[in-house]
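Each remark here refers to the structure printed beneath this line.
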Amino acid sequence: MSRGKKNIDPEVSLLLKRIAKSQVESGLKEMVISRVNIKRKREKLITPGQKVQPVVGFSSPDEHCRAISECQKCSLGATRTKFVYGVGKAKADILFIGEAPGRDEDLKGEPFVGRAGQLLDKILAAIKFTRGEIYIANILKCRPPSNRDPLPEEIQTCLPYLMEQIRIINPKIICALGRISAQTLLQTTTPIGKLRKQWHNYNGIPFIITYHPAALLRFESYKKDCWEDMKMLRAKYDELKSKKIIWP
Ligand code: SF4
């Protein structure tokens, strides 16, 4: 006997249709629930107003800066006036790293623009460099209130941005300006006085440490030490240039 459609009992046919309809409805319901769950999970990961961007893989400092300039990952995002990414040549051979923006930097959105910045310009000129030839950045991109020291958790949160900056700029020499920068990058608590006057290695990059220009303004006697550090830096630059590791 044929098992064609015509021979199916109408009641059985109706029952089969109801089962099929309920399966479709149940499938749709599961899809809706699953979409709601994904949306809730995303909402947990994204705080309002936060830009979702990868933290690595940028091709230029400008592109990286644009992607992270609305950062609110730590409380300093709420108190800053301007985000201070860094300034200088995109592929600079020398990268100077300070600790955090101060009042003048926070207002202008550029690192080292106050009295300490003017002194840094003089230091650079003394070793025959200009700002346009080097790059200047900080450990933190936002000003700590009243210029207090950065907190460990602020450093930990912000440090990946500096790591990416270093990767993008790919400097041949790094110079830490001050204790916070030196100790953060070397992961040490050794006093700055003991870290100076020698070359360190930061992920294969020659790394030197000197006093922060703000400290030079407070303690005149540090200037002579800083000059010794800067002469070492210039000598290393000339050496790398003579070995064609740095190209003119
Ligand atoms: S200090 Fe760094 S981590 Fe904190 S809000 Fe500013 S950019 Fe983000």
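Every read-out reported here was derived from the displayed coordinates using simple, explicitly stated rules and does not represent laboratory data. Note that the structure is a prediction, hence the values are computed from the model and not measured. Every residue, glycine as well, gets a Cβ built from its backbone with ideal geometry; the counts of neighbours run over all protein chains shown.
Worth a mention:
- Sparse packing (at most 16 other Cβ atoms within 10 Å of the Cβ) combined with a DSSP loop state is found for the following chymotrypsin sites (Phe, Trp or Tyr not before Pro) in segment 194-236: W199, F219.
- Cα-based shape type of segment 81-242, given that a ≥ b ≥ c are square roots of the gyration tensor eigenvalues and the cut on a/c is 1.5: rounded
- Förster radius 22 Å - calculated FRET efficiency between T81 and S146 (Cβ-Cβ, nearest 0.05): 0.95
- Extended-chain gain in nm, criterion 0.36 nm per residue less alpha-carbon gap, L107 and A235: 42.5 nm
- Sparse-neighbour loop sites [trypsin sites (Lys or Arg not before Pro); segment 185-234; at most 14 other C-beta within 10 Å; DSSP]: K197
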